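The values are calculated or read from the model by the stated rules, or taken from the named source; none is laboratory data. Everything quoted here is computed from the prediction, not taken from an experiment. FYI the Cβ positions are ideal-geometry reconstructions off the backbone, even for glycines, and counts take in every protein chain you see. Calculation scope for accessible area: heavy atoms of the full protein, side chains included, ligands and nucleic acids excluded. Shrake-Rupley method; radii C 1.70, N 1.55, O 1.52, S 1.80 Å.
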Amino acid sequence: MLIERADVIVTSPGRNFVTLKITTDDGVVGYGDGTLNGRELAVAAYLTDHVVPLLTGRDAHAIEDTWQYLYRGAYWRRGPVTMAAIAAVDTALWDIKAKVAGLPLYQLLGGASRERCLVYGHASGKDIPELFDSIRKHLDEGFRAIRIQTGVPGLDSVYGVASSAAASVGGAGSDSRYDYEPARRSALPTEETWDTRAYLRHVPSVFEAVRGEFGEDIALLHDAHHRLTPIQAAKLGKSLEPYDLFWLEDVTPAENQEALRWVRHHTTTPLAIGEVFNSVWDYQHLIREQLIDYVRSPVTHAGGITSVRRIMDYAAMYQVKSGMHGPTDVSPVGLAAAVHLGLALHNFGIQEYMVHSEQTREVFGPTYEFAGGGLRPGEEPGLGIHVDEELAAQYPYERAYLPVNRLRDGTVHDW
Ligand code: CS2
Ligand code: MG
């Protein structure tokens, strides 16, 4: 079975997505997600100009060989653009293989290790009452694990916190989102102001209030979004220990693996990192030295199912679990791939689940289902994705940027 053609679909049903569609000579179609938020067209061009010409005529079943061909063959290895492009190809080929086998993809990855993948939703609020409303809404919808982000007194806005209107709804049944599309589609990124001391003073009081109101059962998570130094991160981890977090995410900038050693030696709060990583090499020391508890790489940004499974098999040797990135900028194709893989992995931990907008769901037609606090893939052969290409074509790409953060004195900071 040979690859006959590959087409790149760029669509923007509420936000931008890059999807690769591979068609075989006997008409089987597979889809893969290559969306890289804010830099989408770089992946689209990488695929169109450099990868699609290599795919035509290749054996559609040779997934590992194609992965190695694109990874080693390019000479220029790794990096988010390259690895998102390889992910799109890899996922589409797994979709095809599973369709040909007549099985839902997770069956080819070893079969189900659990009934569904536990997910966490995003609750946020500019203050405690708004946050509590958002948490209640998520609990009503069945979420059992919730990420908590709040405004910080003295700061106008904080990335990851919904606007007031959006925060009062939110969750699996609604279309409210706090992210940077479509509200922040603009010629230039928005700029925010950041104050680490104010943040560190405030966060423990938020978790104290949440535990006081909602009790001990609910799994709570928090994302520090790479903003802290190792010693600040250690301080935060220690100060949150009484509130028994499921994890503390991205405490320090991702480039320096050594930083996590300092944090680890000071706190027993579990650590998650890696949404901006793109290969197993980014985790080499973190996993072997057991400096983290959860791997954040999603299928979309780390080279596809083939390479995320490789990362997770390595992680399994050290009791490190998966916690795949699942914001709305990972498309339903990428989320479907993550849920199939998560269902099969023995060392699955949790899956992030930010609900896509209605427009997005109409374009991609995902068949995974949320119930009982978890996601389960559909039972049809393949990934369980039905792209409506005519509808997709009605949503042309619109430039959109993630924000930029500055300290009070104007210095550019991690956001
Ligand atoms: C966040 C993301 O979901 C998360 O944990 O860190 O919202 C992230 O900022 C975006 O996916 C960036 O594109
Ligand atoms: Mg994050």
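Suppose the chain between M317 and R211 were pulled fully straight at 0.36 nm per residue; how much longer would it get relative to their current alpha carbon spacing?
Fully extending the segment from M317 to R211 adds 34.8 nm.
Two decimals is fine: what is log10 I(q)/I(0) at q = 0.16 Å⁻¹ for segment 248-329, from a Debye sum with one equal scatterer on every Cα and no solvent?
Normalising to I(0) and taking log10 leaves -0.52.
Which percent, to the nearest 5, of DSSP beta bridges fully inside segment 273-415 are antiparallel?
The answer is about 50 percent antiparallel.
Expected output is a single nm value to one decimal: the length gained when fully extending between I231 and E255, i.e. 0.36 nm times separation in residues minus the C-alpha distance. What is it?
Extending this stretch completely gives an extra 7.0 nm.
Rounded to the nearest 5, what % of the DSSP beta bridges within the chain are antiparallel ones?
Around 45 percent of the beta bridges assigned by DSSP in the chain are antiparallel ones.
Taking a temperature of 20 °C and a viscosity of 1.002 mPa s, what whole-number D in µm²/s does Stokes-Einstein yield for segment 3-104 with Rh from Kirkwood over alpha carbon pairs?
159
Where the only charges are on Cβ atoms (+1 Lys, Arg; -1 Asp, Glu), what is the dipole of segment 298-367 about its Cα centre, to the nearest 20 debye?
The calculation lands at about 260 debye.
Explain nothing, just the number: dipole magnitude of segment 218-304 about its Cα centre with +1 on each Lys and Arg Cβ and -1 on each Asp and Glu Cβ, in debye rounded to the nearest 20.
Roughly 180 debye for segment 218-304.
What number, rounded to the nearest 500 deg cm²/dmol, is the helix-based mean residue ellipticity at 222 nm of the chain, given -39500 (n - 2.57) per DSSP H run of at least four residues and division by all its residues?
Estimated from H runs of four or more residues: -10500 deg cm²/dmol.
First compute the accessible area of the chain with a 1.4 Å probe, then give the percent of it belonging to carbon and sulfur atoms.
Ligands and nucleic acids excluded, carbon and sulfur give 51 percent.
Below 8 Å between Cα atoms, with a sequence gap of 6+, how large is the relative contact order for the chain in percent?
22
Just to be sure I understand the model, the point goes 7 Å from the Cα along the line to the Cβ. What's the resulting T56 to V404 distance in nm?
Using points 7 Å along Cα→Cβ, the separation is 4.1 nm.
Could you tell me the relative contact order of segment 3-104? Use alpha-carbon pairs under 8 Å, at least six residues apart, and round to a whole percent.
33
Computed over the Cα atoms of segment 218-270, what is the ratio Rg over Rh, Rh following Kirkwood?
0.94
Distance between the C-alpha centers of segment 363-384 and segment 188-224? Whole Å please.
First find each Cα centre; the distance between them is then 31 Å.
Work out the length of the dipole vector of segment 5-74 about its Cα centre, built from +1 on the beta-carbon of each Lys and Arg and -1 on the beta-carbon of each Asp and Glu, and round it to the nearest 20 debye.
280
Would you mind getting me the FRET efficiency between W281 and V412? Use the beta-carbon distance for r and R0 = 22 Å, nearest 0.05.
0.20
Please state, to two decimals, what the Cα-based radius of gyration of the chain comes to when divided by 2.2 N^0.38 Å (N = residues).
Rg over 2.2 N^0.38 Å, computed on Cα atoms: 0.94.
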